[in-house]
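Have a look at the structure below, then the notes.
Each value in this text was obtained by applying a stated rule to the coordinates, not by laboratory testing. Being a predicted model, the structure only gives us computed values, none of them experimental. Virtual Cβ from ideal backbone geometry, glycine too; neighbours counted across all protein chains shown.
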Amino acid sequence: MNAPRLIEREVPPRTAWALEQAGVAPLLARLLAARGVREAAELDDSLAQLLPPSGLKGLPEAATLLADSLQRGERIVIVADYDCDGATACAVMLRGLRLLGAQPGQLGYVVPDRAVHGYGLTPTIVDLALEQQPALLVTVDNGIASLAGVAHARAHGLKVLVTDHHLPAVLDGAVVVPEADAIVNPNQPGCNFASKSLAGVGVAFYVLMGLRAELRARGAFTEVPRLDGLLDLVALGTVADVVKLDANNRRLVAQGLKRMRAGRAQPGVMALFSAAKRDASKAQGFDLGFALGPRINAAGRLADMTLGIETLTTDDPDRALALATQLDTINRERRDIEAGMREMAEARLDGLIEALAGALPPAVALFDADFHEGVVGIVASRIKDRVHRPTFVFARGADGHLKGSGRSIPGFHLRDALDLVSKREPDLLAKFGGHAMAAGATLAVDDVNRFAMALARVADEWLNEQDLTRTLRHDGALPPEAATPDTARLLDGQVWGQGFEPPVFCDRFELISQRLVGEKHLKLRLRQAGRLVDAIWFNHIEMLPERATLAYRLSLDEWQGQQRVQYVIEAAQV
């Protein structure tokens, strides 16, 4: 894999100065200004600064629908999704509705089996929900493109509330939404909500805020219930779904992390920290995205997401730990399957490159009969990272069709690309959907090569050489006096993530020593201006020359009760 092109972020000097004058530490002011923060008020992560629910189109209708069902004692069934965002959204909705007055036995949920039902509110999922005799179906993290499923539900006399954050379907060039009784989705036509980046769990939380206001107006409360106890779940789903961390999402995540650090998270969340051997009192976004989220997702990939939802909804700490331990075991199995499948995918990729005389197509699509449907998305992401190309990986589904998951690169809107492919090849895609950076598609087994060529054609038209060159944006040199545990703790206290990337510094170093540890990590001793520092490059085994330009993150290394700074290498240029 070629080294990325290193590009230093631009720092607006006036903005950085204004943040400093407002009391932000100089280094942090520079980092925040480079990420678009314009004033210190944006750093206020209090609940009072959240965008008001009133901006969401469809929320009044949704609140009325839910309030009526609650007060009539009607059965409400939540239709979840099989990823972490869907599981946390389901848990938030179930817990929130109970807080707001749902009676015992009034609530239920269904979640699709990835291999059996497919994604979203399909007619088969409606039939499954009908077994619980609901009056109202509420989708979370799905439904905006479920035209047939909503129609099927309403044909059976059900009311339907769609809460989602994905893009709606496009038919014959026109955006269409299902004929639900109410739809809450910041990305639906005509919605002016200032944050289009809410995760599905964030939308669910906002719906509950709207419902609480409606019930309060009806005089339903002697004491208004608090909903902030759900924010640990909102934070987990938001980070795990890799949505852009705009100011509103950062506030939601910051509030959730505070609850985790204070030991006030749901029993299931605390149990997941324990199963992952992470310290909840030091919770960071990294823990949610790379430790807790994958364990919840593993249930939907290899087993049944019911296990994940039960983990997040139980109030019994012992049961939560038992369930979290099961999720940890499933996640270990997922990692083994992924490792083998990634090896096969890379062999397929190498064969493709060889067939093209060493060149890479502008987009990649891979299939093998032994691929596992549950991990195609993860493997697509790994291949995309290796070759910096839009990548689809397909596996054979239970119905005989190929089920593919794609991951993209900046500048290539994957869902729009699939829409163009479907227009050019009307009989190629049985189903598709998603958003800019991730999408799914279903097609016939014999059509994978045709799909690969059609996607590559779009990529060739939309992407130039610069787009296809991997880049790493960094924050310039770290002042030597700032390479301290205090600085690392300052940075760890912020919310970083998608669209608000954690700081990466870049400088020239002399390499004093380097050796492999654990057979796959490069351990380094660096010198700069007479100062020595330890560094590690995970999953990298190639030795570096005596001098190199290194891009790195600052981390705290704890050993025998002592904390010291360690650099985590991200890239190198000789």
How large are Rg and Dmax for the stretch 199-295 when only the alpha carbon atoms are used, in Å? 14.4, 46
Share of alpha-carbon pairs per 10 Å distance bin for the stretch 464-522, given as whole %: 15, 32, 39, 14, 0
The stretch 245-382 - convex hull of the alpha-carbon atoms, volume per residue in Å³: 130 Å³
HN-Hα J in Hz across the stretch 113-126 - Karplus 6.51, -1.76, 1.60, θ = phi - 60°, x for Gly and Pro: 8, 3, 7, 9, 9, x, 8, x, 7, 7, x, 5, 6, 4
Can you give the FRET efficiency to the nearest 0.05 for residue 61 and residue 398, using r as the Cβ-Cβ distance and R₀ = 30 Å? 0.20
At 10 °C and 1.306 mPa s, what whole-number value in µm²/s does Stokes-Einstein give for the translational diffusion of the stretch 491-574, with Rh from the Kirkwood sum over Cα pairs? 117 µm²/s
3J(HN,Hα) from dihedral phi, the stretch 514-531, Karplus parametrisation 6.51/-1.76/1.60, rounded to Hz, x for glycine, proline: 7, 7, 8, 10, x, 6, 9, 10, 9, 9, 10, 10, 10, 10, 8, 6, x, 9
Hey, how many Å between the Cα centroid of the stretch 107-183 and the Cα centroid of the stretch 260-337? 27 Å
The chain - percent relative contact order, Cα under 8 Å, separation 6 or more: 12 percent
Assign one of three labels to the stretch 135-213, namely rounded, prolate or oblate, based on the Cα gyration tensor with a ≥ b ≥ c the square roots of its eigenvalues; rounded applies when a/c is under 1.5, prolate when it is not and a/b is larger than b/c, and oblate otherwise. oblate
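Roughly what % of DSSP beta bridges within the chain run antiparallel, to the nearest 5? Don't skip to the answer; put the middle values down first.
Values: 52 of 79 bridges.
The antiparallel fraction comes to roughly 65 percent.
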Fully extended, how many nm does the chain gain between residue 262 and residue 135 (0.36 nm per residue separation, minus their Cα-Cα distance)? 41.8 nm
Put +1 on the Cβ of each Lys and Arg and -1 on the Cβ of each Asp and Glu in the chain; which of 451, 513, 472 then has its Cα farthest toward the positive end of the dipole? 513
For the stretch 246-304, go through all pairs of different Cα atoms, get the mean of 1/r, take its inverse, and jot down that Kirkwood value in Å. 11.9 Å
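Need one word for the chain: rounded, prolate or oblate. Basis is the Cα gyration tensor (sqrt eigenvalues a ≥ b ≥ c); a/c below 1.5 gives rounded, then a/b vs b/c decides.
Values: a/c = 1.73, a/b = 1.25, b/c = 1.38.
Oblate.
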Around residue 5, which amide H atoms from residues at least 5 apart in sequence, or from another chain, sit under 5 Å from its own amide H, with H modelled in the peptide plane? 470, 471, 472
The ³J(HN,Hα) series, computed from each phi in the stretch 264-271 with the Karplus coefficients 6.51, -1.76 and 1.60 at θ = phi - 60°, rounded to the nearest Hz and given as x for glycine or proline, is 10, 7, 4, x, x, 5, 4, 5
Among 538, 484, 556, pick out the residue whose Cα is farthest towards the positive end of the charge dipole of the stretch 471-559, where Lys and Arg carry +1 and Asp and Glu carry -1 on C-beta, about the Cα centre. 538
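How would the stretch 55-133 be classified by its alpha-carbon gyration tensor: rounded, prolate or oblate, with rounded meaning a/c under 1.5 and the a/b versus b/c comparison settling the rest?
The shape class here is prolate.
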Size of charge dipole - the stretch 318-378 - debye, nearest 20, with Cβ of Lys, Arg +1 and Asp, Glu -1, no other charges: 200 debye
If you average the C-alpha positions of the stretch 350-422 and of the stretch 434-505 separately, how far apart do those two centres end up, in angstrom? 16 Å
